[in-house]
1. Residues to consider are A:A279, A:A272, A:A286; find the one that is within 17 Å of A:R323 (Cβ to Cβ), at pLDDT 90 or above, more than 7 Å from every other protein chain (Cβ to nearest Cβ) and in a helix (DSSP H, G or I).
2. If a residue must be within 29 Å of the chain's Cα centre (by Cα) and within 14 Å of chain B (Cβ to nearest Cβ), how many such residues does segment A:329-363 contain?
3. Being within 16 Å of A:K147 (Cα to Cα) and open to solvent by 20 Å² or more (accessible area, probe 1.4 Å) is the filter here, so list the residues in segment A:311-322 that pass it.
4. Does B:H238 satisfy the condition of being touching a His at 6+ places or on another chain (Cβ under 8 Å), touching a residue at least 60 places away in the same chain (Cβ under 8 Å), open to solvent by 30 Å² or more (accessible area, probe 1.4 Å) and of a type outside the set (A, V, I, L, M, F, W, C)?
5. Specify the residue that is nearest to the chain's Cα centre (by Cα); the eligible residues are those in segment A:169-198 that are away from chain B (no Cβ under 11 Å) and assigned to a loop (DSSP other than H, G, I, E, B).
6. Considering only residues that are of a type in the set (D, E, K, R) and touching a helix residue (DSSP H, G or I) at 6+ places or on another chain (Cβ under 8 Å), which ones fall in segment B:158-206?
7. Here are B:A143, B:A186, B:A170, B:A176: which of them is crowded, with 21+ Cβ neighbours inside 10 Å and over 24 Å from B:D282 (Cα atoms)?
8. Looking only at residues that are open to solvent by less than 20 Å² (accessible area, probe 1.4 Å) and part of a strand (DSSP E or B) in segment B:323-345, which one is nearest to the other protein chains (Cβ to nearest Cβ)?
Amino acid sequence: MGADATVTASTARDDGVVDVSANRAIADGTADDARGRTRVEIERALRWGVDMGDFLCGCEKETGKGGWDKGCWGGGRGDGGGARRRALREACVAETLANAVNGTSIERGLSMLEILPTGCDAIDGLLGGGLRQGEVIEIVGPSASGKTQVCLSAAASFAALGHRVVYVDTGGGFSATRIKQFHRGFLTEDADEGEVARNLRQTLDLIAVHRCHDVFSLLHLLSQLAEEASEDDNNPDRATMGLLVIDSLSSLLSPLLTKAHHQGYTIMATVAATLRGLATTRKTAALYTNHTVSAGQDALADDHGSNLKPALGARWTSVPHRRIRFAKIPGTVWFSASVAYGVTTKPARYRIGSNNIHGETER
Amino acid sequence: MDPSSHRNPETEWFQDSHALVSLPLAPSVRSKLQIAGFRSTRDFIRIAKNSASVLARESGLTLEEANDALKAARHGGEGAALKGARSAAEVLEDERRRPRTVTCCEALDDVLGGGIGSGEITEFCGCPGVGKTQMCTQVCVSASTPEAFGGTDGEAVYVDTEGSFMAERAMDVASALVEHLRRMEACESDSERRTEMKAALEGYTAEKILSGIHLFRCHEVTELLAVLETLGEFIAEHPRVRLVVIDSVAFHFRQDFQDMALRTTILSKMTNRLMSIATSRDVAVVTVNQVTVKPQQDGPARLVPALGESYAHACTTRVILSWENDERVAFVTKSPRLPQAKAKYTITAGGIRDVRRRRPRDE
């Protein structure tokens, strides 16, 4: 029955398209343009105050804002207008139906996702094995707490396992020398040098580094990465994008988040939606860093005696699936990592070595 | 038909629903476009036919606004952001080849991985009198070291906010460098290299070094921001510039501001600007920061770098200069590629130098 409905709807749409914007669609010659046109008109209709429910149910009642009919339909409310409206409605329904997914396919999709290691045993333990594809993970911590190091280690680890990595660098923190060191650390001491060099070459080639210094170029990049997905799907030769790293996201967003910049929160919400959408559609693990700012004199100090809060604060909390917090343990070479948001596990300790980041789970 | 018209509906929805919001447009322009039903750059191209007059007619924008909107939409074009990527292998090659600006103190150059790197921000902070301005003068002069001596053979930009740049001092340092390079040339045993060095020293005088240091004096924060805004163009006109020094960032920001939130915003915007100059022009950026006293909840107050926690994330590498047992010590506290390490240095009549080991008879 569902199939029947779809067929009818799409047939109706095809007819409707010609009817809706006959002149333009024919002039353009492509159905794609007509579809774009249809969508713009639906959008415009909704902006004029037509109730979505009424629109979909096809109630022919007066909207009270004649502008919609007059503005969009060209003529009066003749038969032509009714037919157009019906066609639009059906086009709208068809688009919506096409996007519906059922539970079984969601489950199947989930079971195909992999959990991949970050290359740091303590952090992997904290995250229950590593970074899951399709998940957005945030690292928050003060400066020099190892955020960039974990990002670099995760990039090296994913690439060494044959996944493509997109690394967005906003602060010049990307170091290929460091990737090389981490890569050497993944292999055993007695590995064949020639083999190591070959493997390193492959690893380095799989990491694409983008330098972004403002939020609009980031959004531009993210939307193009999403677009690229469809082309990749048909190309089995190319490794899929396994990991997206943004180091640091907060340094791009924080200049916008003031009272003076009234678009700031809109743009922040756009970044959030784009990031989550990208992680879901591309089945990519997204790892980004968030810096800390002083919480003010009155705020309560945490376990390590510092009163810091994340730069992307309360409004951002719901964006990552998991947020992990890093801190330096004063007077030692150790750092602590704990889950601040998401499935909680026991905190871990780690230290940064010359070619690895290693942990010591029990104290 | 172009291949881009066959798209995955899922990603197309995702793309279309965000693109308009992600363009750098004025809120009034954006809302007019939204009311007119435009949601994505694709709508611009399909419906408005890439023509500003059509877009203006459809959306009620002025022709000028429509032009700007189209320009923003076309910025970069399809897939351009993805092409901006560089593989980690290329980055590694760059990191290997990149000449570094030496500080003339070998111990310090070693802990900095061979000197001050281009494409990143290196911050020096410390108390008054510890040698921050001396360090800046030294690196500006040594940026001119000819390639035959392993230098960058470039010019430098000195942005002076405190009025501390002394031309006489720079002259001393420059003369000492010229002297030093002459001695190096005289000691070189390889005849081929010696000829090369000799040729490089031809006409290499202290006056020439000084004429390659471009000084900007900024009396207030607005002037500083204006200089940074135009610095990219200045470097484009003077392509030999390899180093930008800002001495100091803290000075104006520590006195001209009542509103701390505004200060943070301006600082982070400035950092992004500096970072983009560093990477796009491949120059080394050196910033100077002051220190401030931070009261601790338990124990005595500590000296910490000024401008707060959020600014700590701004630099790529942070070097703290301090006194230790009557000796000057530089401590690398933050770097994505280097371990934390200390180096002793001293200031002589000729600039920054290594601490000479005392001969036994002196003790």
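1. The conditions single out A:A272.
2. 4
3. Of everything in segment A:311-322, those that are within 16 Å of A:K147 (Cα to Cα) and open to solvent by 20 Å² or more (accessible area, probe 1.4 Å) turn out to be A:A311, A:R322.
4. When the stated conditions are applied, B:H238 passes them.
5. A:L187
6. Result: B:E162, B:R169, B:R182, B:E185, B:E188, B:R193, B:R194, B:E196, B:K198.
7. Exactly one residue qualifies, and that residue is B:A170.
8. B:V332
The values are calculated or read from the model by the stated rules, or taken from the named source; none is laboratory data. Source: prediction; values computed, not measured. With ideal geometry, Cβ positions are generated from the backbone for all residues, glycine too; neighbour counts draw on all protein chains shown. Heavy atoms of the whole protein, side chains included, go into the accessibility calculation; ligands, DNA and RNA do not. Shrake-Rupley method; radii C 1.70, N 1.55, O 1.52, S 1.80 Å.
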